[in-house]
Amino acid sequence: MSDPGEAMARLDARVVRCRKCPRLVAWRELVAREKRAAFADEEYWGRPVPGFGPVDARILVIGLAPAAHGANRTGRMFTGDQSGDWLVASFHRVGLANQPTSTSIDDGLELHGLRMTAPVRCAPPANKPTPQERESCAGWLDRELAILAPSVRVVVALGAIGWNASLHALGRAGWTVPRPRPKFGHGAEVALAPASRRTRRSEVTLLGCFHPSQHNTFTGRLTAPMTDEVFRRARELAGD
């Protein structure tokens with residue numbers, strides 16, 4: 001079996017070259033050319049965004065897609081926007097990150113036992129990928145999960161789309177998804193057993209968390225204590 005670090009590096013290199021979805025390619029590159037006034041002097045990434053974090057992570061956070069002026073600008077998941085600031089501040093408070101901010105790809109951020117990823121790797125218009133685009137991108141998350149499978153113990157899904165994408169990906173990757181399919185909710189918790197004892201898989205717990213979008217954080221639907229509670233539970237379940 002190849003080294004997990006080498007396997008993830010090869011996967012990340014393939015992710016950033018992907019041009020499967022014409023609408024997403026056109027949008028991400030348009031945003032990178034036109035830019036937001038506040039970032040006019042910066043060079044945007046403007047490509048698909050790979051996951052970020054250790055390849056032996058016990059906790060995997062699955063969001064939705066890169067933000068147009070966040071990860072699509074910086075080249076790193078949950079980096080350079082308010083959602084990333086909110087999320088990484090929580091990681092830091094509960095001991096999963098070395099610092100409370102996520103501003104650029106070279107800011108020194110280190111995640112402890114946690115990796116961030118998304119089921120869609122390109123910034124979509126209006127933050128709404130189509131069903132076909134989600135399906136086209138699903139293979140990247142499948143491959144990432146295959147590399148993480150020996151270590152991952154907890155998956156934290158951000159929002160209903162992240163929850164559904166997580167269930168589909170975990171099912172494809174060798175875990176048994178309960179029927180009827182569990183519904184998303186903040187703080188929802190579902191244990192998934194390996195589909196076969198022959199696979200290099202342990203039980204995984206899926207946790208639900210409201211997405212740290214401005215719509216949720218500005219309105220108080222998601223508070224800092226609520227976010228911290230989910231990630232403290234993730235640490236507990238991961239055995240950290």
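A few comments on the model shown:
- Total residues in segment 1-57, condition in contact with a helix residue (DSSP H, G or I) (Cβ under 7 Å, 6 or more places away or on another chain), within 19 Å of Asp106 (Cβ to Cβ) and acidic (Asp, Glu): 1
- Single residue of Val94, Val61 found to be at pLDDT 95 or above, buried (at least 24 other Cβ atoms within 10 Å of the Cβ) and farther than 15 Å from Arg47 by Cβ: Val61
- Matching option when the condition is out of contact with any strand residue (DSSP E or B) (no Cβ under 6 Å at 6 or more places or on another chain) and within 26 Å of Gly46 (Cα to Cα), among Arg134, Arg115, Arg181, Arg172: Arg134
- Selected residue [of a type outside the set (Val, Ile, Thr) and under 21 Å from Phe231 (Cβ atoms)] from Gly5, Gly46, Gly70: Gly70
For (1) in a loop (DSSP other than H, G, I, E, B); (2) over 29 Å from Arg221 (Cβ atoms); (3) in contact with an Asp or Glu (Cβ under 6 Å, 6 or more places away or on another chain), each residue gets a yes or a no:
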{"site": "Ser136", "(1), (2), (3)": "no, yes, no"}
{"site": "Gly139", "(1), (2), (3)": "no, yes, no"}
{"site": "Arg143", "(1), (2), (3)": "no, yes, no"}
{"site": "Val156", "(1), (2), (3)": "no, no, no"}
{"site": "Ala160", "(1), (2), (3)": "no, no, no"}
{"site": "Val177", "(1), (2), (3)": "yes, no, no"}
{"site": "Gly185", "(1), (2), (3)": "yes, no, no"}
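- With respect to (1) within 20 Å of Asn216 (Cα to Cα); (2) without any contact (Cβ under 8 Å) to a residue 24 or more places away in the chain; (3) of a type outside the set (Phe, Trp, Tyr); (4) out of contact with any Ser or Thr (no Cβ under 6 Å at 6 or more places or on another chain), the lone exception for Val88 is condition (4).
- Test for Thr79: is it hydroxyl-bearing (Ser, Thr, Tyr), modelled with pLDDT of 95 or more and within 15 Å of the chain's Cα centre (by Cα): yes
- Evaluation of Leu167 against (1) assigned to a loop (DSSP other than H, G, I, E, B); (2) in contact (Cβ under 8 Å) with a residue 12 or more places away in the chain; (3) over 13 Å from the mean Cα position of the chain (by Cα) (one fails), failing number: (1)
- Among the residues making up segment 187-239, those that are in a loop (DSSP other than H, G, I, E, B), in contact with a strand residue (DSSP E or B) (Cβ under 8 Å, 6 or more places away or on another chain) and of a type outside the set (A, V, I, L, M, F, W, C) are Gly187, Arg201, Ser202, Glu203, His211, Pro212.
The values are calculated or read from the model by the stated rules, or taken from the named source; none is laboratory data. Because the structure is predicted, anything quoted here is derived from the model rather than measured. Here Cβ is always computed from backbone atoms with ideal geometry, including for glycine, and neighbour counts include all displayed protein chains.
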